[in-house]
Every structure is written in structure tokens, then in C-alpha cells.
1. For I142, what residues show an amide H to amide H distance below 5 Å, using hydrogens built from the backbone and excluding near sequence neighbours?
2. Could you tell me which residue out of L84, F38, G103 lies farthest along the dipole of segment 1-151 toward its positive end? Charges go on the beta carbon: Lys and Arg +1, Asp and Glu -1, centred on the Cα centre.
3. What number, in percent, do you get for the relative contact order of segment 1-138 if the mean sequence gap of Cα pairs under 8 Å and at least 6 apart is divided by its residue count?
4. Short version: ³J(HN,Hα) in whole Hz for each residue of segment 78-88, in order, from phi by Karplus 6.51 cos²θ - 1.76 cosθ + 1.60 (θ = phi - 60°), x for Gly and Pro, what are they?
5. Shape call for segment 1-55 from the C-alpha gyration tensor, a ≥ b ≥ c root eigenvalues: rounded (a/c under 1.5), prolate (a/b greater than b/c) or oblate?
6. Pick out which of R54, R157, R40 has the largest mean-square fluctuation in a Gaussian network model of the chain, springs linking Cα atoms closer than 10 Å.
7. With only Lys, Arg, Asp and Glu charged, each at its Cβ (+1 for the first two, -1 for the last two), find how big the charge dipole of the chain is about the Cα centre; round to the nearest 20 debye.
8. Using a 1.4 angstrom probe with every protein chain in place, what is the largest-first accessible-area order of F38, F130?
Amino acid sequence: MAKLPTDAVLVSLFHLGVSDAEIAEQYGVKPQAVNKRFMRMDPPLRRKSIPAVRAQELVTSLWDVKVIRTGPGSHHNSYGVRYLKVWVRLQLGDTTSPKQQKGAVAFIRRLIRDDVVLDYDRDSVEGWKFVPRMPSDGRWIIRWPAGKELPEADLQRALELPGDEEELEVLDQGGRPKRP
């Protein structure tokens, strides 16, 4: 029976960028076994892209999103926030699935079509809402939370509506956004 190395060795391989599949092949186990070990570590090691991590950190820095582990009432994965994060990832140059990309484009088209922004109310049942755009929203795709500092310039650009329909068409067809 094959056996994985110590956690210290696994952590070293993880930080060297060795994939779960490569580690699994090296030690004669399945990639799922490697991932399971990573997830059992304290803290768990997760393989997420830098843009995905930055998008998640942006959301958690702006809002105290309600997360309930079981049952209804959790706001962390509802339509609005899910595609907000995908849109930010795309604008930061991340690769997403075609389904995620189409969902993010549909999300942005809805904001434009209905002249709305995404807002969050932790105390409401639905949490995330599309609210009418106000002049103070400028080109933001979200209603900026009061008292929150602006993020880095690239994240600010990622939170803006696209410059034109052409950018959405490129994304709709699986291309990359043309953001500076």
C-alpha cells in the first residue's frame, strides 16, 4: 500500500507548486488522497488562484457576509456575490469555466440593462439585492459600503462597469477581457 510523506514534506511540495496529481503519482496514491490530506491540515491548504483569493478577500473586507454551514439563510454563495467574484477574477486575468464566464457576463448585462448595482444587507433574508443605481455609485458594479476604504487600483477597475459592449462580447465568446 502506498503512503504519503509527512505533512512537512507535503507542505513543501505544495509551496513549490507541485500539483496534487504530480504528488499522487510520485507516491502511488490518488490525487484525492493528496487533496484530502491538505484539507485536514491546520489550517487547510487550498489551491486557489491569486485572483480568486483576492476576489474573496475583497468581499470579506467590505461586508460581514452571513455564512451558515447547514440549512437556508446563508448569503455567501448566492447569485449576486458568486458572479461578482467571478467578474472580479476575470478582470484580474484569471481563468474561469465557460459557465462561470457566461454567468458573469449575464450578471454585468443585468446591471447595465436594469441600471442597478449589487448591494448587501446582512439582516435581510435574501442578503444580496439589486438596487437602483444612484449618481454616487458612479461606474461601480456594487453599492460601496459606507466607511470602507477603497482597494488597490486594479481591484477598483475590476469593480467598474465595462467600457463598452465589445468587452462583453469578447467575454461571451470565451475571450479575455481587455482591461489595463
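The values are calculated or read from the model by the stated rules, or taken from the named source; none is laboratory data. Small disclaimer: the values here were computed from a predicted structure and weren't measured. We place every Cβ from the backbone using ideal geometry, glycine too, and count neighbours over all the protein chains shown. Please note that ligands, DNA and RNA were not included when accessible areas were found on the heavy atoms of the full protein model with its side chains. Shrake-Rupley method; radii C 1.70, N 1.55, O 1.52, S 1.80 Å.
1. L118
2. Highest projection toward the positive end goes to G103.
3. Relative contact order for segment 1-138 comes out at 15 percent.
4. Once θ is set to phi - 60°, the couplings for segment 78-88 become 6, 3, x, 6, 4, 7, 4, 5, 5, 4, 4 Hz.
5. prolate
6. R40
7. 620 debye
8. Solvent-accessible surface, decreasing: F130, F38.
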